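Single-structure report; data block below.
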Amino acid sequence: MIGYVGLNDDSRYGKGDVKEKFCGSLLPPALSSSGPRLVLTLDTHGAVRGGRFLARYNFVTDYAISGLPIAEGQCSYLYDSSKTQSGVFNSPRHPGNYPEDLDCVYIFRPQGDAKILLSFDVFSLPPTDNILCRGTDYVEFYEETDIRNNFTSIVRYCSGHFPAPFISHRVVKLLFHSDSTQSTMGFKATFQFVRDGDMNTKCGKIIPSGGSGGLIESPNFPRKYKSNTYCEWEVRASKKTNRIMLQVAYFGIEGNMATTGCVNTAVRIYEDDENLRPQVELCGNLGPENVFVSNKDIIKISFLSSPKALGGKGFKLSWTELYTADNCFGFTCAVNKLCISSSLTCNDLPNCGRDDDSDEVTECPVTAGIQILHIAIGTSISSFFCIILLICGFYHRRKFRTERPPDDHDHVEVRYVSAPSGCNTTDRLLMEENRTGSPRCQKVSMV
Ligand SMILES: [Ca+2]
């Protein structure tokens with residue numbers, strides 16, 4: 001071969017590094033590099049006769065993201081349940097650092113009865129103090145409203161705060177935004193289109209309040225909840241004007257809202273049935289100071305554990321219908337002045353909200369069972385002390401008798417005297433008043 005055009009996509013110069021060589025008059029196929037650099041070498045070494053070539057080139061952006069590109073040259077990808085069932089997606093060039101000043105869009109479109117389930121495996125964005133993730137790199141979830149291609153923001157995550165697992169039957173858009181200041185390895189996540197039977201969903205229900213209160217417990221509570229579980233509850237007040245309050249009675253699920261985030265499991269509370277955005281996203285260990293009140297007459301609760309969740313004891317939430325009429329015909333909480341049903345007093349559940357346990361301490365009657373128990377304990381204790389007293393009395397009496405010197409009138413002086421002559425055995429021997437005197441006899445008759 002004399003003269004050639006060589007191609008090397010390993011970004012190295014030199015004849016020996018050329019991977020493919022082209023010569024002659026046949027057009028080479030379209031060529032593209034596998035990396036950010038391509039080297040083309042024209043070697044005319046030893047050429048006798050000149051020639052020429054003409055080629056076009058263009059830069060194609062490759063973000064190393066699997067998925068169907070929505071528009072050429074843009075960082076936007078589509079995942080449709082009619083074409084794929086599960087897979088991974090990531091920030092551009094992950095695990096390498098992502099480009100700065102870039103927005104990437106990932107669209108997940110579930111068809112029919114499918115739902116999209118998203119869970120993150122890696123999440124590493126630059127640290128920030130802004131809890132609203134402003135002025136930094138972030139990932140933001142959107143859901144399509146009832147209007148096609150109209151999306152509403154659900155939640156935004158940044159810094160080291162792991163996104164919670166997410167599920168929806170709607171079209172979900174995920175936006176990754178990077179600014180111009182700092183770049184990191186970004187994220188890697190799993191998507192899965194799930195259908196009935198793919199997850200544990202036999203939990204949750206619609207609860208008509210009936211003007212009172214009740215409990216919502218995680219699946220299997222107080223035993224561990226399972227992974228890959230999704231439940232929804234909805235509590236409806238008895239009147240449109242009333243509200244539903246939720247108060248934590250027990251809460252212990254994996255994750256930490258203040259540090260790592262709700263990596264594998266999350267409880268979400270929605271203040272009404274129209275808002276797609278949850279009021280809060282909960283995980284970790286929480287106490288009864290956590291109280292949530294609905295905006296309208298309905299409150300919704302969802303529980304989602306991802307396929308890689310480890311399990312935890314779960315939660316127990318006390319719900320209470322709050323009466324909003326001017327006059328309260330039920331029970332008025334002492335501190336928070338909430339009007340609740342009288343049936344919620346003395347039920348061992350918090351129903352008066354934060355720092356108010358007046359429903360559990362105000363005039364709570366002692367139950368019959370407890371009364372019987374108290375009587376039994378009291379009787380036992382009394383009997384015990386009676387027996388102790390009797391035993392003490394007995395021993396004290398014995399000791400007293402043993403140690404007490406005889407009284408004067410009991411004192412018997414035994415003197416040996418010789419009876420005077422003339423006394424026989426039936427005579428009483430009388431001693432003179434003067435004990436030094438001689439004894440004398442007195443005749444007594446035998447009866
Ligand atoms: Ca109560």
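The values are calculated or read from the model by the stated rules, or taken from the named source; none is laboratory data. These figures come from a predicted structure and were not determined experimentally. Heads up, the Cβs are rebuilt from the backbone with ideal geometry, glycines too, and the neighbour counts pull from every protein chain shown.
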- Query: What residue, of Glu217, Glu281, Glu254, is closer than 18 Å to Ile154 by Cβ, assigned by TED's automatic domain parsing to the domain that holds Ser318 and in contact (Cβ under 8 Å) with a residue 24 or more places away in the chain?
  - Reply: Glu281
- Hey, among Pro99, Pro92, Pro126, which residue is part of a loop (DSSP other than H, G, I, E, B), under 14 Å from Phe176 (Cα atoms) and touching a Leu at 6+ places or on another chain (Cβ under 8 Å)? Pro92
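Matching residues to (1) under 22 Å from the mean Cα position of the chain (by Cα); (2) under 18 Å from Cys262 (Cβ atoms):
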residue	(1), (2)
Arg148	no, no
Ile154	yes, yes
Tyr157	yes, yes
Gly160	yes, yes
Gln182	no, no
Val194	no, no
Lys202	yes, no
Gly211	no, no
- Query: Could we say that Pro288 is within 14 Å of Asp357 (Cα to Cα), out of contact with any Leu (no Cβ under 7 Å at 6 or more places or on another chain) and touching a residue at least 12 places away in the same chain (Cβ under 8 Å) here?
  - Reply: yes
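Condition check ((1) more than 18 Å from Leu117 (Cα to Cα); (2) in a strand (DSSP E or B); (3) not aromatic (Phe, Trp, Tyr)) across all residues:
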residue	(1), (2), (3)
Asp146	yes, no, yes
Arg156	no, yes, yes
Ile167	no, yes, yes
Leu175	no, yes, yes
Cys203	no, no, yes
Ile207	yes, yes, yes
- Query: Any idea how many residues of region 115-132 are surrounded by fewer than 20 Cβ atoms within 10 Å (Cβ to Cβ) and under 26 Å from Ala309 (Cα atoms)?
  - Reply: 6
- Task: Starting from residues that are among the small types (Gly, Ala, Ser) and within 16 Å of Glu289 (Cα to Cα), keep the ones in region 330-364 and report whichever is nearest to the ligand (Cβ to nearest atom).
- Result: Ser358
- Sort out which residues of region 194-220 are closer than 19 Å to Phe292 by Cβ and surrounded by 15 or more Cβ atoms within 10 Å (Cβ to Cβ), and write them in order of number. Gly204, Ile207, Ser209, Ser212, Gly213, Gly214, Ile216, Glu217, Ser218
- Test result for Pro163, outside the structural domain of Ala266 (by TED's automatic domain parsing) and surrounded by 14 or more Cβ atoms within 10 Å (Cβ to Cβ): yes
- Which of (1) touching a Lys or Arg at 6+ places or on another chain (Cβ under 6 Å); (2) surrounded by 15 or more Cβ atoms within 10 Å (Cβ to Cβ) does Asp272 not meet, given it meets every other one? (2)
